[in-house]
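Some notes on the structure that comes next.
Taken together, the values in this text are just the output of simple stated rules run on the coordinates, not laboratory data. In this text, all values refer to a predicted model and were calculated from it rather than measured experimentally. Here the Cβ positions follow ideal geometry from the backbone for every residue, glycine too, while neighbour counts run over all protein chains shown.
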Ligand code: SAM
């Protein structure tokens with residue numbers, strides 16, 4: 001079974017990028033008056049305690065989301081970054097940062113009565129926690145939790161009844177095969193439902209298959225004649241480090257990206273304002289940077 005538990009990483013710099021983009025996309029989709037189906041193929045536990053054992057083990061939120069709560073910038077936060085901050089604040093008592101919402105809860109907050117949310121989570125413990133967390137919302141059948149493989153499970157729901165969908169694909173990539181399964185799932189989904197909005201998170205690490213993933217997605221989108229957007233956030237160098245005993249240590253995740261197919265037309269301009277601020281607030285060394293490109 002998997003060893004990855006998102007609780008260790010909740011609120012880190014990758015979550016800041018992922019959840020800011022996710023929220024901005026949802027806001028845009030919520031503007032239209034037609035039922036939306038949202039798929040979260042790798043949902044996690046849904047809610048995380050920042051003062052819990054897991055989060056404290058690595059304290060990744062301290063170098064991530066928490067940095068935004070004490071912004072040192074002269075200018076106000078960019079609208080989508082402020083929106084993200086307000087969303088997280090909505091799960092916490094004023095001035096306290098104890099709870100971090102994962103993608104299922106961020107999505108659920110934006111749902112309207114007509115919309116549906118399908119959450120896939122394969123890990124038995126996380127799936128149980130997710131079910132318990134969602135049960136507290138008392139939202140009935142609007143939110144479905146499926147303890148299934150998200151890559152496969154989503155197929156039976158496409159195309160969605162009202163022909164509007166957002167799919168978030170956020171694997172942990174601890175299984176090497178995930179790098180191949182992501183583009184395969186996106187290609188299959190595009191064939192089933194070409195006008196959906198597809199959002200993929202990916203790590204930027206020195207592995208050929210990680211390097212190739214955004215390239216594959218770009219080729220896929222271009223071949224399908226679909227618009228796309230690719231954005232990355234780097235907070236530090238990816239160079240290997242040496243500890244005091246001279247042992248080589250990995251620096252932790254330095255960089256991640258979001259690849260979107262059929263993104264909202266407003267997203268690029270919104271990110272142009274937000275990304276430099278994310279770099280300024282989350283940078284850990286002089287290698288911190290961002291990229292933003294689009295096509296199709
Ligand atoms: N999307 C979540 C968020 O933003 O809050 C975080 C998800 S975490 C990065 C990835 C999750 O996928 C883990 O909880 C893991 O147990 C789960 N998982 C791994 N492989 C899966 C699969 N094939 N289908 C469904 N869930 C899977």
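Listing for the model above:
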{"item": "Cα centroid of segment 63-109 to Cα centroid of segment 164-215, whole Å", "result": "26"}
{"item": "Ascending count of other beta-carbon atoms within 10 Å, so fewest first, for 188, 178, 51", "result": "51, 188, 178"}
{"item": "More than 18 Å apart - percent of Cα-Cα pairs taken over segment 68-117", "result": "41"}
{"item": "Tail fraction, Cα-Cα pairs, segment 37-171, threshold 22 Å, whole percent", "result": "43"}
{"item": "Whether segment 194-286 is rounded, prolate or oblate, judged on the alpha carbon gyration tensor where a/c under 1.5 counts as rounded", "result": "oblate"}
{"item": "Ranked list, fewest to most other Cβ atoms within 10 Å of each Cβ, for 128, 32", "result": "32, 128"}
{"item": "Spread of Cα-to-Cα distances over 10 Å intervals beginning at zero, given as percent, for segment 148-213", "result": "20, 52, 23, 5, 0"}
{"item": "Relative contact order %, the chain, counting alpha carbon pairs below 8 Å whose residues are six or more apart", "result": "22"}
{"item": "Scaled radius of gyration (Cα, divided by 2.2 N^0.38 Å) that segment 21-107 gives", "result": "1.20"}
{"item": "When the convex hull of its Cα atoms is projected in every direction, mean area for the chain (nm²)", "result": "15.5"}
{"item": "222 nm mean residue ellipticity, helices alone, for the chain (DSSP H n ≥ 4; -39,500 (n - 2.57); rounded to 500)", "result": "-11500 deg cm²/dmol"}
{"item": "Order of 91, 151 under a 10 Å beta carbon neighbour criterion, fewest first", "result": "91, 151"}
